[in-house]
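Asks: I have a structure I would like to understand better, so I am pasting it below and will then ask my questions one at a time.
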Amino acid sequence: MKLGINSSIWEIAGVEFYRAMDKIKNFGFRYVDVLAYGSTDPATMKGGKRRELIKKFKDLGLIASNMVMLTPGNISSNDLGEKRKCLDYLKECAEFQAELGGRQILLGYGGGSLTLDLSRERAWANSVDFIRNFCEWLLKMKMYLTLE
């Protein structure tokens, strides 16, 4: 059995991932589900900080078992701009996961959210279409998607 840990416990407590990596290693963990939030949100990380984080992650021998993400919008929406924003964000997270050496993405709220202006059938069809498009892109990167 291989035991891993989710980085969210430190991020939520206000400890940046760069500092938390030492704690993760010292507790004996190798496998890390990296939460794409706060200090590890690839959309807000500057280039130099991202490179430093990736280098330290690899130097410590940590393994990115998952990149855990929440989309910045609703994937079941009819709004093409909202879905594009979500897809662009997920692609950036997947690229970050690949840079960490990982191959698996965990999509929080994986089915999207039902809103008042959508029928369940339309929301479901939108979510399926969105996930299919993302998975086709992930396939080219040899990555996997899991849904929360």
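Asks: Within 14 Å, Cβ to Cβ, of residue 136, how many net charges do the neighbouring residues add up to if Lys/Arg are +1 and Asp/Glu are -1? Walk me through the intermediate numbers first.
Replies: Working: positive: 91, 132, 140, 142; negative: 129.
Net local charge, residue 136 excluded: +3.
Asks: Would you please give the residues with an amide H less than 5 Å from that of residue 113, counting only those at least 5 places away or on a separate chain, with H modeled from the backbone geometry?
Replies: 75, 76
Asks: Moving to a separate point now. Which values of log₁₀ I(q)/I(0), to two decimal places, follow from the Debye formula for segment 55-130 at q = 0.22 Å⁻¹ with a uniform point scatterer at every Cα?
Replies: The calculated log intensity ratios at q = 0.22 Å⁻¹ are -0.92.
Asks: Okay, moving on. Describe numerically, in nm with one decimal, the distance between label points set 7 Å from Cα along Cα→Cβ at residue 99 and at residue 79.
Replies: 2.8
Asks: While we're here: Within a Cβ distance under 11 Å of residue 65, other residues only, what is the Lys/Arg minus Asp/Glu net charge? Mind dumping the intermediate values first?
Replies: Working: positive: 2, 30, 103; negative: 33.
With Lys, Arg at +1 and Asp, Glu at -1, the net is +2.
Asks: Here's a follow-up. Run the reach check for residue 140 against lysines, Cα to Cα strictly under 16 Å, same-chain hits fewer than 8 apart removed. What comes back?
Replies: The reachable lysines, counting only those whose Cα sits under 16 Å from residue 140, are 91.
Asks: Please sort by residue number the chymotrypsin sites (Phe, Trp or Tyr not before Pro) in segment 94-148 whose DSSP state is loop and whose Cβ has at most 15 other Cβ atoms within 10 Å.
Replies: Details: sites: 96, 109, 124, 130, 134, 137, 144; in loops: 109.
When the chymotrypsin sites (Phe, Trp or Tyr not before Pro) of segment 94-148 are filtered for loop state and at most 15 Cβ neighbours within 10 Å, 109 remain.
Asks: Can you tell which of 147, 118, 76 lies farthest toward the positive end of the dipole of segment 45-148, using +1 and -1 charges on the Cβ of basic and acidic side chains (Lys, Arg; Asp, Glu)?
Replies: Positive-end residue among those listed: 147.
Asks: Can you give the FRET efficiency for residue 19 and residue 91, using 1/(1 + (r/R0)^6), R0 = 35 Å, r = Cβ-Cβ distance, to the nearest 0.05?
Replies: Working: r = 28 Å, r/R0 = 0.79.
E between residue 19 and residue 91, to the nearest 0.05, is 0.80.
Asks: Next question, about the same structure. Percent of accessible area on segment 28-148 owned by carbon and sulfur, 1.4 Å probe? Display every interim value, and only then the final one.
Replies: Details: 3540 of 6530 Å².
Carbon with sulfur: 54 percent of the solvent-accessible area.
Asks: Along its three principal axes, how long is segment 2-63 when you only count alpha carbons? Whole Å, largest extent first please.
Replies: 31, 24, 16
Asks: Under 5 Å between amide H atoms, partner at least 5 residues away or on a different chain: which partners does residue 35 have, H built in plane at 1.01 Å?
Replies: 7, 8, 68
Asks: Which value, in Å², gives the accessible area per residue of segment 11-148 when a 1.4 Å probe is used on the protein heavy atoms?
Replies: Numbers: 7670 Å² over 138 residues.
I get 56 Å² per residue for this part.
Asks: Would you kindly derive the ³J(HN,Hα) couplings of segment 117-133 from the backbone phi angles with the Karplus curve 6.51 cos²θ - 1.76 cosθ + 1.60 (θ = phi - 60°), listing them in order in whole Hz, with x for Gly and Pro?
Replies: 3J(HN,Hα) across segment 117-133, in whole Hz: 8, 10, 6, 4, 5, 5, 4, 4, 4, 4, 5, 4, 4, 4, 5, 4, 4.
The values are calculated or read from the model by the stated rules, or taken from the named source; none is laboratory data. As the structure is a computational prediction, the values presented were derived from the model and not from experiment. Here the Cβ is made from the backbone with ideal geometry for all residues, glycine too, and neighbour counts use every protein chain on show. Remember, those area values only see protein heavy atoms, side chains included, never the ligands or the DNA or RNA. Shrake-Rupley method; radii C 1.70, N 1.55, O 1.52, S 1.80 Å.
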